[in-house]
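> My questions all concern the structure below.
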Amino acid sequence: MGRQRTINDAEFWRSTKIADKTQEDKATLFYLLTSPFSNIVGVYKVVLKIAAAEMGWTADQLVPVLTRLNNANVIKFEEESGFIWVKIWWDHNSAKMAIATTLRQRTFEQIEQIPIIWRTDFIDDFLVRIPAKDSLRQSISFEIMDYLDTVSIPYPYARDRGAGNDNNTNNFIDTTNTTVVLAELDYPKLSENEISEIKKLIERISELQRQDVLDEIEGKRRKGKLKNGVVPLCRHFVENIERFVIADGVSVKTDRVAKSINLQHSLNALNHEKEMNHKVEKELANMDSVQFDQNFCHFPASFVDHLKEKRAALQEKFIDKNSV
């Protein structure tokens, strides 16, 4: 038996988010709200060719519409991975139902799969949709945190589960004095000797031109145009830098800039996460017994006991810090 999806007619046809959209936009949004690819939380991965075929289109017809809706901030769309966040999802679906006992585990699992650059914004929006009555919203935020078995991360960011990273101890992230260093230049995929020679050559030109030269070299490498060797080519660019124009390296530069933007988004998300870590840690540590019981009285006893242990560890942590 197929799933049933409910569409709130007023929120769809009379919504200011929808009213100015084209017929193609509306049809696509209607599809995204009812898609067989969809899940509980409204952030899911689609196969573009299949999604387009189900609408009677081609992928080339669907992608521009998705891009337009992305630019209008009605959805988030990542073409490379196929992930879509339907940002009007909770106008038509119940966030409270998503955390019902029968669905909660699946909801948390699906949140964990959300691309990291969207995850913090998604959870901020998701928690606001949960009623604040009886501290339910706050309790769910702690339960999401506990789902990943770390009290330091209030929102579920995917963990490194590779060999040697299965750590079940209650470690805390120290967010002070954390510095992320990025490489200044992105070098072509060449031998160490070639890169060493190139580094010496590009020191003779402006810093603003160095990356373009490197991108051009990589572009020619990808197209098999390094017939006379990469070092002579780099020397030619450096000695004639006033006439240098990036050509084969345009696509390399575009890809690099896109990756840099995505990385910056990820770093911003992590910075936001770190800020929230400290806030949630202090909030839990500062709860007295009455407040703790009020917030978590409706949770299973095993979960409450586990959270009490974490609360005690946090209180010791903040006491140690304050005593320094």
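The values are calculated or read from the model by the stated rules, or taken from the named source; none is laboratory data. Treat the numbers as computed from the prediction; the structure is a model and nothing was measured. Cβ coordinates were reconstructed from backbone atoms using ideal geometry, including for glycine residues, and neighbour counts include every protein chain displayed.
> Taking the condition surrounded by 15 or more Cβ atoms within 10 Å (Cβ to Cβ) and modelled with pLDDT under 50, does Thr175 pass?
When the stated conditions are applied, Thr175 passes them.
> Given the condition in contact (Cβ under 8 Å) with a residue 60 or more places away in the chain and within 22 Å of Phe126 (Cβ to Cβ), answer yes or no: does some residue in segment 25-39 qualify?
yes
> Also, I was wondering about something else. Only residues in segment 294-312 that are modelled with pLDDT under 85 and part of a helix (DSSP H, G or I) count as the first member; pair them with residues that are of a type outside the set (Ser, Thr, Tyr) and loosely packed, with under 13 Cβ neighbours inside 10 Å, Cβ under 9 angstrom, at least 6 apart or cross-chain, and list the lot.
That search, which allows pairs on different chains as well, returns Gln294/Asp134; Asn295/Asp134; Val304/Asp293; Val304/Cys297.
> Any residue in segment 274-290 that is assigned by TED's automatic domain parsing to the domain that holds Leu314 sitting within a Cβ distance under 6 Å of a residue that is in a helix (DSSP H, G or I)? List the pairs, counting only those 6 or more apart or interchain.
If the second residue must be in a helix (DSSP H, G or I), the pairs left are Glu281/Leu314; Leu284/Arg311; Leu284/Leu314; Ala285/Leu314; Ala285/Gln315; Ala285/Phe318.
> Pull up segment 106-122, narrow it to residues that are of a type in the set (Phe, Trp, Tyr) and closer than 21 Å to Glu80 by Cβ, then point me to the one that is surrounded by the most Cβ atoms within 10 Å (Cβ to Cβ).
If we take residues in segment 106-122 being of a type in the set (Phe, Trp, Tyr) and closer than 21 Å to Glu80 by Cβ, then Phe122 is surrounded by the most Cβ atoms within 10 Å (Cβ to Cβ).
> May I pose another question? List pairs: first residue in segment 55-82 and within 19 Å of Asp20 (Cβ to Cβ), second residue among the acidic types (Asp, Glu) anywhere in the structure, Cβ distance under 7 angstrom, at least six positions apart or on different chains.
Pairs found: Val65/Glu24; Val65/Asp25; Arg68/Asp25; Leu69/Asp25.
> Let me ask something additional. Residue by residue through segment 191-205, note down the ones that are over 37 Å from the mean Cα position of the chain (by Cα), touching a residue at least 24 places away in the same chain (Cβ under 8 Å) and part of a helix (DSSP H, G or I).
Those that are over 37 Å from the mean Cα position of the chain (by Cα), touching a residue at least 24 places away in the same chain (Cβ under 8 Å) and part of a helix (DSSP H, G or I): Glu197, Leu201.
> Still on this structure, I have one more. Search segment 219-244 for residues being in a loop (DSSP other than H, G, I, E, B) and either touching a strand residue (DSSP E or B) at 6+ places or on another chain (Cβ under 6 Å) or touching a residue at least 24 places away in the same chain (Cβ under 8 Å) (or both), and hand back the single one that is nearest to Lys200 (Cα to Cα).
Phe244
> Among the numbered criteria (1) out of contact with any helix residue (DSSP H, G or I) (no Cβ under 9 Å at 6 or more places or on another chain); (2) closer than 30 Å to Trp118 by Cβ; (3) aliphatic (A, V, I, L, M), which single criterion is violated by Val290?
Val290 satisfies all of (1) out of contact with any helix residue (DSSP H, G or I) (no Cβ under 9 Å at 6 or more places or on another chain); (2) closer than 30 Å to Trp118 by Cβ; (3) aliphatic (A, V, I, L, M) except (2).
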